[in-house]
Amino acid sequence: MSHTGTNTLAIDGGKPAITTSLPSIKNASGRQIGREEIEEVTKVLESGTLSFLYGSRVKTFERMFAEKFNIEHAVAVSSGTAALHTAMVYLNPEPGDEVIMSPISDMGSVIPILLQLAVPVFVDIDPTLQNIDPALIEEKITDRTKAIIVTHIHGNPADMDPIMEIAKKHGIFVIEDCAQAHMATYKGRLVGTIGDMGCFSLQQSKHITTGEGGMVISRRNNQFGRDVRLCMDKGWQRSQHDRDHLFLAPAYHMTELQAAVGIAQISKYEMAIEKRREAGAMLNARLDEFDFVTRIPGRPDSLNTYFQYCFRIDPDRFSMDVGHIVEALNAEGLYSWQGYPGPIPLYLYPVVKDHLTFGTSGYPFTLDDRTKSHVYAPGLCPKAEKACQETIVLPWSEGMGKAEVDLIAHALEKVFNAYLT
Ligand SMILES: *Cc1c(COP(=O)(O)O)cnc(C)c1O
């Protein structure tokens, strides 16, 4: 191998394949924050009303979000994790109750379960789409199963019909985690409106953003004798004269400033999704040239809204492991990482595996013999573990176009060629 030619990898001292910086969700290069947001935020600042309690912006943003999703209830919260925790407070499980979920999601899907003293029960994935495999759910259901949190990962809807059928049969609540799949559709229906509740994140990396923020949507309210709004507002029935905190609940409010940004952002959904999809399709075509790459194909009956761009490589075809290939890609100027949420699935992170929860108690994992019987160790979900090892994740945004896809494909080709056996 020549060490002076343009084929020398940047990690070995060669010239990087990408010398400009690609659009990023971290700043204006990959985000559409402009005039509209500035005007909305300025109005709020001039009004002097920054709290949802006295202002109209949070209420308006909630109404616009509900209209967008054609659904009755929308409650704005402070993050996607807060949205999922609000759903768990609404559900009000007994300590030790079980919530089924995929091990391929953000830690923000697990934390709310633990904060409510329920335990996560991980069900392996369908390795093609990397979403929870409905065929493996039923064998994990017990008399303690209260809910399924369905994450629609990487912008691709999970297979909701069989999930809803199982949930109905066993009387289980379904929470859709739509943080990565805003406006994605499954058989013509928007995700978040199929289960009992839909939770969204509006954090900086998501399809639209308020910096930090989240939204809970639902068709029905008071299903468990609780109002969703009380579940994120200290259990406080503010319409009453006396202070009456009806039950234990956090305070997860969105501010008027965030809602002002959200109001401007919501009109950009279509544009953002169209751009992510267009660029995604272009990169799909480029990756199809490599027989050692397996793309995440999406479902023919669904609309994928491309959160991150993920694909798998066959590690047996390379002289270096996937971790090293990712390092080489980063050296070429292509920011990327191994696996989602990382090279290991959620249950192998210390909070779950080592029960690093409340003091030294290990609650809720150590509550009783049944909670203690859940083991979170390598081998629990082998398909998810393999996917985490073999997947390469590229951040995606509405700033991606043909020029960027060409650069990305060029960097991938250079690194693949160097390490192919
Ligand atoms: C981002 C994300 C969350 C958490 O949202 P935050 O706003 O970061 O708290 C939860 N689930 C999934 C799948 C996510 O991608």
Check: Taking into account only those residues within region 365-416 that are in a helix (DSSP H, G or I), free of Cβ contacts under 8 Å to residues at least 60 places away in the same chain and not acidic (Asp, Glu), which is surrounded by the most Cβ atoms within 10 Å (Cβ to Cβ)?
Finding: Lys372
Check: Residues Phe318, Phe365, Phe358, Phe307: which one is touching a Lys or Arg at 6+ places or on another chain (Cβ under 8 Å), of a type outside the set (S, T, N, Q) and farther than 21 Å from Gly280 by Cα?
Finding: Phe365
Next item on the list: With the condition kept exactly as written, say whether any residue in region 98-107 is surrounded by 19 or more Cβ atoms within 10 Å (Cβ to Cβ), at pLDDT below 95, over 17 Å from Gly213 (Cα atoms) and not acidic (Asp, Glu).
Entry: no
Item checked: Residue under evaluation Ile163, criteria (1) touching a Pro at 6+ places or on another chain (Cβ under 6 Å); (2) more than 18 Å from Ser218 (Cα to Cα), criterion not met -> (2)
Note to self: One residue is enough: does region 229-241 have a residue meeting the conditions in a helix (DSSP H, G or I) and more than 26 Å from Ser105 (Cα to Cα)?
What the structure shows: yes
Item checked: Subset of region 108-156 (residues that are farther than 21 Å from Leu84 by Cα and within 15 Å of the chain's Cα centre (by Cα)) -> Leu129
Item checked: Residues that are away from the ligand (no atom under 12 Å from the Cβ) and in contact with a strand residue (DSSP E or B) (Cβ under 6 Å, 6 or more places away or on another chain), drawn from region 78-102 -> Leu91, Pro93, Asp97, Glu98, Val99, Ile100
Notebook entry, point to check: Here is a list of conditions, (1) more than 19 Å from His154 (Cβ to Cβ); (2) free of Cβ contacts under 8 Å to residues at least 40 places away in the same chain, and Pro300 meets all of them except one; can you say which number that is?
Noted result: (1)
Margin query: Every residue in region 173-193 that is among the hydrophobic types (A, V, I, L, M, F, W, C) and either buried (at least 22 other Cβ atoms within 10 Å of the Cβ) or touching a residue at least 40 places away in the same chain (Cβ under 8 Å) (or both), please.
Written below: Phe173, Ile175, Cys178, Ala179, Ala181, Met183, Ala184, Leu190, Val191
Next item on the list: Examine region 204-211 for a residue that is over 30 Å from Arg295 (Cβ atoms) and at pLDDT 95 or above, and state whether such a residue exists.
Entry: yes
Notebook entry, point to check: Going by the structure shown, is Ile172 within 15 Å of the ligand (Cβ to nearest atom), modelled with pLDDT of 95 or more and of a type outside the set (Asp, Glu)?
Noted result: no
Item checked: Residues that are assigned to a loop (DSSP other than H, G, I, E, B) and surrounded by 20 or more Cβ atoms within 10 Å (Cβ to Cβ), drawn from region 32-68 -> Phe52
Notebook entry, point to check: List the pairs whose first member sits in region 151-167 and is touching a residue at least 40 places away in the same chain (Cβ under 8 Å), whose second member is within 11 Å of the ligand (Cβ to nearest atom) and part of a helix (DSSP H, G or I), and whose Cβ atoms are under 9 Å apart, counting only residues at least 6 apart or on separate chains?
Noted result: Thr151/Ser109
Next item on the list: May I ask you to list pairs of residues, at least six apart or on different chains, whose Cβ atoms are under 8 Å apart, with the first in region 80-98 being of a type in the set (Asp, Glu) and the second being within 15 Å of the ligand (Cβ to nearest atom)?
Entry: Glu98/Pro120
Note to self: What's the number of the only condition in (1) under 28 Å from Val261 (Cα atoms); (2) of a type outside the set (Phe, Trp, Tyr); (3) without any contact (Cβ under 8 Å) to a residue 12 or more places away in the chain that Gln204 fails to meet?
What the structure shows: (3)
Item checked: Residue ID - farthest from the ligand (Cβ to nearest atom), chosen from residues in region 181-222 that are out of contact with any helix residue (DSSP H, G or I) (no Cβ under 7 Å at 6 or more places or on another chain), under 13 Å from His73 (Cα atoms) and not β-branched (Val, Ile, Thr) -> Asn222
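The values are calculated or read from the model by the stated rules, or taken from the named source; none is laboratory data. These numbers were taken from a predicted model, which means no experiment stands behind them. In this analysis, Cβ positions are derived from the backbone assuming ideal geometry, glycine residues included, and neighbour counts consider all displayed protein chains.
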